[in-house]
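Trainee: Just passing along the structure, written as structure tokens.
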Amino acid sequence: MVKTLFNIGFDTLETYGGKDHPFIISKLGSVVGPEDMDGIYFYGKMREQLYSTQKKINQTSKYITVLNESAKKLWTTCFGSRDSILIVPGGVDRYVLPPSQDPYPSENKIRCIFAG
């Protein structure tokens, strides 16, 4: 599995020949449309570059994560509906809880843990 962060992460993966990997998860911070739009803070050439990368992400990534329902709606308007668009908010709790007991079963299953 390969996880790319934002458009630049996918562009880097493509530059080094990895965009054909069978299991790419692309995390996006912003979604842009095919033309300049109110409320989207990327315009002109920058928006065109981001949109070009988003088209490639849509064609190759197994899962795509966006920050909110508005971003998902724009994505599906641009590229069509698919089950593999996930909403993964970027915020975290204000206060980190102290360490405690592991909340997950101790069965021998694969875990994916992200801390960062």
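Trainee: Within the range 11-18, is there a residue that is part of a helix (DSSP H, G or I) and in contact with a strand residue (DSSP E or B) (Cβ under 7 Å, 6 or more places away or on another chain)?
Mentor: For the range 11-18, residues part of a helix (DSSP H, G or I) and in contact with a strand residue (DSSP E or B) (Cβ under 7 Å, 6 or more places away or on another chain): present.
Trainee: So, one more: For the range 97-108, does any single residue satisfy the condition of being in a loop (DSSP other than H, G, I, E, B), among the aromatic types (Phe, Trp, Tyr) and more than 18 Å from residue 3 (Cβ to Cβ)? Let's see the steps before the verdict.
Mentor: Going through the range 97-108, the residues in a loop (DSSP other than H, G, I, E, B) turn out to be 97-108.
Keeping just the survivors that are among the aromatic types (Phe, Trp, Tyr) gives 104.
Among the residues that remain, those that are also more than 18 Å from residue 3 (Cβ to Cβ) are: 104.
Yes, there is a match, as at least one residue in the range 97-108 is in a loop (DSSP other than H, G, I, E, B), among the aromatic types (Phe, Trp, Tyr) and more than 18 Å from residue 3 (Cβ to Cβ).
Trainee: Does any residue in the range 78-101 that is touching a residue at least 12 places away in the same chain (Cβ under 8 Å) come within less than 7 Å, Cβ to Cβ, of a residue that is exposed (fewer than 10 other Cβ atoms within 10 Å of the Cβ) six or more places away or on a different chain, and which pairs are these?
Mentor: 87/69
Trainee: Okay, next question. Could you please find all residues in the range 56-96 being among the small types (Gly, Ala, Ser) and not in a helix (DSSP H, G or I)? Talk me through it step by step, then tell me what you get.
Mentor: So in the range 56-96, the residues among the small types (Gly, Ala, Ser) come out as 61, 70-71, 80-81, 84, 90-91.
61, 80, 81, 84, 90, 91 - these are the residues of the range 56-96 that are among the small types (Gly, Ala, Ser) and not in a helix (DSSP H, G or I).
Trainee: For residue 53, all conditions in the list (1) more than 12 Å from residue 8 (Cα to Cα); (2) in a helix (DSSP H, G or I) hold save one; what is the number of the exception?
Mentor: The single condition residue 53 does not satisfy is (1).
All of the numbers you see were taken from the coordinates with simple rules; none came from a lab. Note that the coordinates shown come from a computational prediction; the quantities given were computed from them, not determined experimentally. No Cβ is skipped: glycine too gets one built from the backbone with ideal geometry, and neighbour counts run over all protein chains shown.
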